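Worksheet for the structure shown next.
Read the figures in this text as sums done on the coordinates, not as results from a lab. If you're wondering where the values come from, they're calculated on a predicted model, not measured in any experiment. Please note: Cβ atoms are built from the backbone with ideal geometry, for glycine as well, and neighbour counts cover all protein chains shown.
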Amino acid sequence: MNDVKTIKSPDTLRVKRGERQDRIPPGQKLTEKWPVLHHGTVPSIDTESWTFRVFGLVEEEKILSFDEFMALPRVRVFSDIHCVTTWSKLGNLWEGVSTSVIKDLVSVRPEAGFVMVHAWGGFTTNLSLKDFFAEDCLFATEHEGKPLTPEHGWPVRLVVPRLYFWKSAKWVTGVEFIKEDAPGFWESHGYHMHGDPWKEERYSRR
Ligand SMILES: Nc1nc2c(c(=O)[nH]1)N[C@H]1C(S)=C(S)[C@@H](COP(=O)(O)O)O[C@H]1N2
Ligand SMILES: [Mo]
């Protein structure tokens, strides 16, 4: 699989390019470990019945089986993790399916402005189309060359490198195109609607 292209998330290059003083956003601390964080329990998912659904403001909704999802074009992304609970883990190599591949699967209607990403058990998170279709955003199936472990989102998790890690939904089941922004799970529980770590968009004052 050496033909898989690797994209470096822009945030990993800014210090080298003299665009930023630090690779660690304000108020964050480095960790070597990879903590496990989520609401509820780790699901036991059967890839035989797992599906990935693209729906909402699209011309025709699409449902993929696990095999169909795994046959989509692949990409590798090198990126940093910044969790709102203040830990950061630098230099992660992900592999999976770029969010841009969704554009080849469905025709997104022009009135769509945002997505709601859906995950197992009703978890959701909201993103603008710009954030969702960023070139370093992917549905990851591997981390450091190995399949994700169940607690880190196996079989498929979203990775949104430029935003706090709560946007990186684990156990993803689909993506819904919507017109206007609406809060997902953590966003309804006080987290920021956007979540840029460099602006410390941690919690919402709504
Ligand atoms: N399905 C689901 N995905 C989720 C969450 C969750 O509660 N459910 N929590 C988010 C939060 S708050 C964080 S910090 C990261 C943690 O990912 P990790 O356990 O792989 O470190 O997952 C995110 N994705
Ligand atoms: Mo989190």
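Worth a mention:
- Couplings 3J(HN,Hα) of region 174-184, computed from phi: x, 9, 10, 8, 10, 7, 10, 5, 9, x, x Hz, in residue order, whole Hz [Karplus 6.51 cos²θ - 1.76 cosθ + 1.60, θ = phi - 60°; x for Gly and Pro].
- For region 30-178, taking Cα atoms only, Rg and Dmax work out to 14.5, 44 Å respectively.
- Nearby lysines by direct alpha-carbon distance to LYS8 (threshold 27 angstrom, same-chain neighbours under 8 apart not counted): LYS16, LYS29, LYS33, LYS89, LYS103, LYS130, LYS146, LYS167, LYS170, LYS199
- The loop-placed GluC sites (Glu not before Pro) in region 169-206, going by DSSP, that have at most 16 neighbouring Cβ atoms within 10 Å of their Cβ come out as GLU180, GLU200, GLU201.
- In region 88-143, GluC sites (Glu not before Pro) in a DSSP loop with at most 10 other beta-carbon atoms within 10 Å: GLU111
- Residue with peak Gaussian network fluctuation, the chain [Cα springs, cutoff 10 Å], from LEU93, LEU37, LEU138: LEU37
- When region 23-68 is reduced to its Cα atoms, the Kirkwood hydrodynamic radius in Å: 15.1
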